[in-house]
Amino acid sequence: MSNFKHFILFILLGVACFPVYTQEINGVITRAKIIGRDTVPILELPKVVIVGEKIFESRREERRHSRLVRNVKVVYPYAKLAGIKYRKYSQKLGQIESKSERRHMMKQIEEEIRHQFEDDLRRLNFSQGLILIKLIDRETRHTSYDIVKDFRGMFQAVFWQSLGRLFGYDLRTKYDPLGEDKDIEQIVMLIELGVI
């Protein structure tokens, strides 16, 4: 029996002296779907945007597009900021029930926006103003008219709409990324991707 104990001890020491190898699994843990006898992994790929080089029919069309790119690059940051501020102020005003507190808060908001952006917005040309109205609708999912109506009331909305119409602006303009505004949408996508 002592030989048997020595044999077991020898085997245990032998196993302990040899390096132990483990199987290393390199891969990705993912969801899968079983189809018949096969297991098919389900992977979500990142969004890929493919934009071809724009071909212009004339030099005039190329200049028009370059001007549009320049104008969108000027006003897009303001539209993006408008979307952020709209969500922030809507949330703040949604928590206030008192009409007088709401009016007081609205005056503060208006002063803050006027102080921060009035000079910059006055420098915009007519085309940039039209693009800004459309991009505000894109960022907030509300027309400029609806925003004024929600924050300042129907009277103010009608007043600013009427004044805007005198100068060729329509605050009820909606953004149409698949139709009339597809060039603007493409430019915005390129800006967001950091291409231009």
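Which angle from 0 to 90°, rounded to the nearest 10, does the C-alpha axis of helix 182-193 make with the longest principal axis of the chain? Long axis of 182-193 versus the principal axis of the chain: about 50 degrees. Summing Lys and Arg as +1 and Asp and Glu as -1 over all other residues whose Cβ lies under 12 Å from the Cβ of I42 gives a net charge of +1. Taking only Cα atoms and a 10 Å spring cutoff, compute GNM fluctuations for the chain and point out the largest among I35, I55, I184. Residue with maximal mean-square fluctuation among I35, I55, I184: I35.
Here the alpha carbons of segment 62-193 define both size measures, Rg and Dmax, at 15.5, 54 Å.
Please work out the C-alpha center-to-center distance from segment 174-196 to segment 88-150 and express it in whole Å. Answer, in whole Å: 22. Helix 59-94 axis versus longest C-alpha principal axis of the chain: approximately 80°, rounded to the nearest ten. When only the Cβ of Lys, Arg, Asp and Glu is charged (+1, +1, -1, -1), the dipole of the chain relative to its Cα centre reaches about 320 debye.
Within 10 Å, at most 10 other Cβ atoms, and a DSSP state outside H, G, I, E, B define an exposed site. Report the longest part of the chain free of exposed GluC sites (Glu not before Pro). It works out to 98-196.
When you filter the chymotrypsin sites (Phe, Trp or Tyr not before Pro) in segment 18-106 for DSSP loop state and at most 10 other Cβ atoms inside 10 Å of their Cβ, you are left with Y21. Relative to the dominant Cα principal axis of the chain, helix 99-122 is inclined by about 90°.
FYI, it's all coordinate maths here, none of it is from the lab. Computed from a prediction, not measured in an experiment: that's the story for all the values here. A quick note on method: Cβ atoms are made from the backbone with ideal geometry, for glycine too, and the neighbour counts reach across all protein chains shown.
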